[in-house]
Amino acid sequence: MLRWTAWAFVAATTYLNVAAAHGSPTAAVMHAAMPILFVTVIEGIRHLIRQHTGLATGTRIERIPLSRWLLAPRTTFLLARRMVLWHVTSYQDGLALEYQRLLAVSELQQAYGPLVLALARAAPRPTGTAAHARGRAWHPGHATA
């Protein structure tokens, strides 16, 4: 809403400046140039800021809550690392993928023993995650049992 209010003020300023030109085309262009130039520069800066922060393309990664960093710094660092590596921008999506990853690791440990991480190359590869293979896709609304 603030942006549209600013645009309305710039439009009013431009109109009043052109009206003050008293019918001279050269004066009308000269009076309209500065407000239009100002808007052009501001919109250019706005575009650069949106591109730099990733807001325009949706590549900005959501912040992980500070409480999680304080309570579980190691696992939070690993989650943040995976979110960057997997190009996951939503914190909730990152949690869901981490839950699916932990579920798959747990099922591999149940099937092949606690040394599954060392023997991961010998295990058969499923076509999807273990949760999806059995049709139990998890989402943040599900309770963890």
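The values are calculated or read from the model by the stated rules, or taken from the named source; none is laboratory data. No experiment lies behind these values; they were computed from the predicted model shown. In this analysis, Cβ positions are derived from the backbone assuming ideal geometry, glycine residues included, and neighbour counts consider all displayed protein chains.
Looking only at the stretch 44-66, decide whether some residue is of a type outside the set (A, V, I, L, M), assigned to a helix (DSSP H, G or I) and over 36 Å from the mean Cα position of the chain (by Cα).
No, that holds for no residue.
Listed here are the residues, each with its yes/no results for (1) among the aromatic types (F, W, Y); (2) within 30 Å of F9 (Cβ to Cβ).
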{"site": "I49", "(1), (2)": "no, yes"}
{"site": "H52", "(1), (2)": "no, yes"}
{"site": "P65", "(1), (2)": "no, no"}
{"site": "R68", "(1), (2)": "no, no"}
{"site": "R81", "(1), (2)": "no, no"}
{"site": "W86", "(1), (2)": "yes, no"}
{"site": "Q92", "(1), (2)": "no, no"}
{"site": "L102", "(1), (2)": "no, no"}
{"site": "V105", "(1), (2)": "no, no"}
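Here is a yes/no grid of residues against (1) in contact with a helix residue (DSSP H, G or I) (Cβ under 9 Å, 6 or more places away or on another chain); (2) at pLDDT below 85; (3) surrounded by 10 or more Cβ atoms within 10 Å (Cβ to Cβ); (4) within 20 Å of A6 (Cβ to Cβ):
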residue	(1), (2), (3), (4)
G23	no, yes, no, no
T26	no, no, no, no
A32	yes, yes, yes, yes
R50	no, yes, yes, yes
A56	yes, yes, yes, yes
W69	yes, no, yes, no
R74	no, no, no, no
R82	yes, no, yes, no
V88	yes, no, yes, no
